[in-house]
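Everything below concerns the one structure shown next.
No value in this document is a laboratory result; all are computed from the given coordinates. Everything numeric in this text was worked out from a predicted model, so none of it was measured. Here Cβ is always computed from backbone atoms with ideal geometry, including for glycine, and neighbour counts include all displayed protein chains.
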Amino acid sequence: MNNLEKKQITTIAAISDIHSNVYALEAVLADIRHRGVDQIVNLGDILYGPIAPNATYELLMAHQDDIITIRGNQDRQIYEATTAEITNNPTMDFIVKDLSKKAIEWMRSLPFDYHVNEDVYLCHGSPTDDMTYLLEDIETGQPIVRNDETILALLGGIDSAVILCGHTHIPRTVMLASGQTIVNSGSVGYPAYEDNLPIIHKMQTYSPHASYALIKCIETQQGKQWQTEHIKVAYNHEAAASLTLKNGREDWAFALKTGRVAPV
């Protein structure tokens, strides 16, 4: 679902990178319910993971009227997967078998990005590429915040006051010289990973907590100000880790329990 009707919004809860972790999503949605939020936005990478893809989809459908959702790169990878890619990737095979056709078609229908209103813009990676890290350079193998000039170039002309993104799993708020605020909400369901594209690098939050962000618009005599709060929610990460072990992913289990990439 996408609730795409424009409306007056004061407080947004941004969630991203659920990665099939229904346990973390349930805890985050429960936490959001107590915080007077006007709108929830979901920034993608929703159902890819060796935990509970279809249960995660069903939980999101139960809240579909409250959530604006865009797609991430791994949502796209699910519905674009070839037979060979599915056969050679046991995790993808599990995901495709677990998901209903309706769930896969739902992912296919999601927009790449979205303007919530004149102030707030949503993307997964960057405004032009769902695989690009908007805020971080990873040439050293670890995330380092890019300079303003590079970030502004990656925005590709998007001039919204607030840009909400995900993809890196690292909660972060950066204010640019342009006055724009970029918020990465972190990952609801997968707090650490290692990837080899474009080079080998690690993203780690060093705790098992589920992450999301609150973004509040405050009206002042000087105009609008944007306040960000990064929230860390405890949940039953042991249960999530147990399912990943059943599906042969010890690396995911270690990450879910520790917020760290498993040692070699």
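The C-alpha atoms of the stretch 11-258 occupy a region whose extents along the principal axes are 56, 40, 33 Å, arranged from largest to smallest.
For the stretch 104-234, what class follows from the C-alpha gyration tensor (a ≥ b ≥ c being the square roots of its eigenvalues): rounded when a/c is under 1.5, otherwise prolate if a/b is larger than b/c, else oblate? Judged from the Cα gyration tensor, the stretch 104-234 comes out rounded (a/c under 1.5). Computed from the Cβ-Cβ distance with R0 of 30 Å, the FRET efficiency linking A239 to I199 stands at 0.35.
Can you work out the FRET efficiency for the pair L176 and T10, with r the C-beta to C-beta distance and R0 = 22 Å, to the nearest 0.05? Could you put the intermediate results ahead of the total?
Numbers: r = 23 Å, r/R0 = 1.03.
Step by step, r from the Cβ atoms, then E = 0.45.
Taking the chain as the region of interest, the number of lysine pairs whose Cα atoms are within less than 30 Å, with members eight or more places apart or on different chains, is 23. Helix 53-62 and the long axis of the chain differ in direction by around 40°, with both axes built from C-alpha atoms.
Charges were assigned to the Cβ only: +1 to each Lys and Arg, -1 to each Asp and Glu. The resulting dipole of the stretch 11-258 about its Cα centre is roughly 520 debye.
In order along the stretch 198-211, phi translates into HN-Hα couplings of x, 9, 5, 8, 10, 10, 9, 9, 6, 8, x, 4, 7, 10 Hz, rounded to whole numbers, per the Karplus curve 6.51 cos²θ - 1.76 cosθ + 1.60 with θ = phi - 60° and x for Gly and Pro. The simple spin-label model puts a point 7 Å past each Cα toward its Cβ; for I158 and N73 those points are separated by 1.5 nm.
Summing +1 for each Lys or Arg and -1 for each Asp or Glu, what net charge is found among the other residues whose Cβ lies under 13 Å from the Cβ of N236?
Numbers: positive: K257; negative: E26, E238.
Computed value for this residue: -1.
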